[in-house]
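K.L.:
Structure incoming, see below.
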Amino acid sequence: MPKNPPESFTPPPNLTRERRGLTVINTGNGKGKSTAAFGTMLRAWGRGMNVCAVQFIKSEKSMYGEQMAAEKLGIDIIASGRGFTWTSKDLSEDESRAQHGWALAKEKIESGEYDVIVLDEFTYPITYGWIDVEDVIECLKNRPEMLHVIVTGRDADTKIVEYADLVTEMNEIKHPYRDQGIPAQKGVEF
């Protein structure tokens, strides 16, 4: 169960008023990692910020709720995967697609055109060794100063966790499919 929040908050002694782009990671085995990232992206878009996302597992042939909403709003979401990797018969194609997605993501990061970029399900190709975590960190270190990058997925590499400014771990307590046999619900999970 969650811990109780502290009675009062004391700001850290090195508190600055510096504004800069953050690296945010949503990880853990619980639901809501991508949902939180897309919620932040929508919040930024509402503030007039330029936003986009690259999805590393989802296929361009699938249309998920976030993709349909983004299309209506004129937000770019690029799907570079081909679906669930655990059903793949040829992981070399999945690896190639992930590397292509990373090349696109790097272009967008380096372009200076965006304020928020979501790298959805990006922890997986890093964990699988398809994308070098050192290359990712180097790219993030050299990104435009005010660019926020949000990374989602389970089992985030310790190196990127260490580098990040904000890391949230989603922990599953109860799951409708596993606990009750209720399948994924349209509009809630896809």
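K.L.:
Among HIS175, HIS148, which comes first, second and so on when ranked by fewest other beta-carbon atoms within 10 Å?
P.N.:
HIS175, HIS148
K.L.:
Eigenvalues of the Cα gyration tensor times 5, then square-rooted: what semi-axes does that give for the range 128-190, in whole angstrom, largest first? Walk me through the numbers on the way to the answer.
P.N.:
Details: eigenvalues 196, 38, 28 Å².
Semi-axes (√(5λ), whole Å): 31, 14, 12.
K.L.:
Ok, one more. Give the residues of the range 106-140 whose amide nitrogen is closer than 20 Å to a point set 7 Å from the Cα of LEU22 in the direction of its Cβ.
P.N.:
Residues 109, 114-123, 137, 140 fall inside that zone.
K.L.:
Fewest to most neighbouring Cβ within 10 Å: what's the order for ILE173, ILE77? Write out the running numbers ahead of the final one.
P.N.:
Working: ILE173 8, ILE77 22.
Placing the least packed residue first, the sequence is ILE173, ILE77.
K.L.:
Can I ask one more? Mind sorting out which of (i) 9.8; (ii) 12.8; (iii) 11.8 is the real mean projected area of the Cα convex hull in nm² computed from the coordinates?
P.N.:
(ii)
K.L.:
If you don't mind, there's one more thing I want to ask. Checking the cross-link filter: which aspartates and glutamates have an alpha carbon closer than 19 Å to that of LYS108, excluding same-chain neighbours under 8 positions apart?
P.N.:
Counting by Cα, and skipping residues close in sequence, LYS108 has these aspartates and glutamates nearby: GLU60, GLU71, ASP76, ASP120, GLU121, ASP132, GLU134, ASP135, GLU138, GLU145.
K.L.:
Using the number of other C-beta atoms within 10 angstrom as an exposure proxy, rank LEU104, LEU147, LEU42 with the fewest first. Don't skip to the end; give the middle numbers.
P.N.:
Values: LEU104 14, LEU147 22, LEU42 17.
The fewest-first ordering by Cβ neighbours comes to LEU104, LEU42, LEU147.
K.L.:
Which one, TRP102, ALA164, GLN55, projects farthest toward the positive side of the charge dipole computed for the range 23-170 from Cβ point charges (K/R +1, D/E -1)?
P.N.:
GLN55
K.L.:
Taking amide hydrogens as modeled 1.01 Å from N in the peptide plane, which residues meet the under 5 Å criterion relative to HIS148, leaving out close sequence neighbours?
P.N.:
LEU22, VAL116, ILE117
K.L.:
Within the set LYS58/LYS106; LYS72/LYS186; LYS61/LYS186; LYS89/LYS174; LYS33/LYS141; LYS106/LYS174, which residue pairs have Cα atoms separated by over 28 Å? Could the numbers behind the result be given before it?
P.N.:
Values: LYS58/LYS106 18 Å; LYS72/LYS186 18 Å; LYS61/LYS186 17 Å; LYS89/LYS174 31 Å; LYS33/LYS141 23 Å; LYS106/LYS174 36 Å.
Violating the 28 Å Cα-Cα cut-off are LYS89/LYS174; LYS106/LYS174.
K.L.:
Using amide H atoms built in the peptide plane, which far-off residues or other-chain residues are under 5 Å from ILE25 H to H?
P.N.:
Counting only residues 5 or more places away or on other chains, the set is VAL151, LEU166, VAL167, THR168.
K.L.:
Just to confirm my numbers, what's the Cα centroid distance between the range 92-133 and the range 29-55 in Å?
P.N.:
16
K.L.:
Can you give the helix-only mean residue ellipticity at 222 nm for the chain, where every DSSP H stretch with n ≥ 4 adds -39500 (n - 2.57) and the sum goes over all residues, rounded to the nearest 500 deg cm²/dmol?
P.N.:
Mean residue ellipticity at 222 nm (helix-derived): -10500 deg cm²/dmol.
No value in this document is a laboratory result; all are computed from the given coordinates. Quick caveat: nothing in here was measured; it's all calculated off a predicted structure. Here the Cβ is made from the backbone with ideal geometry for all residues, glycine too, and neighbour counts use every protein chain on show.
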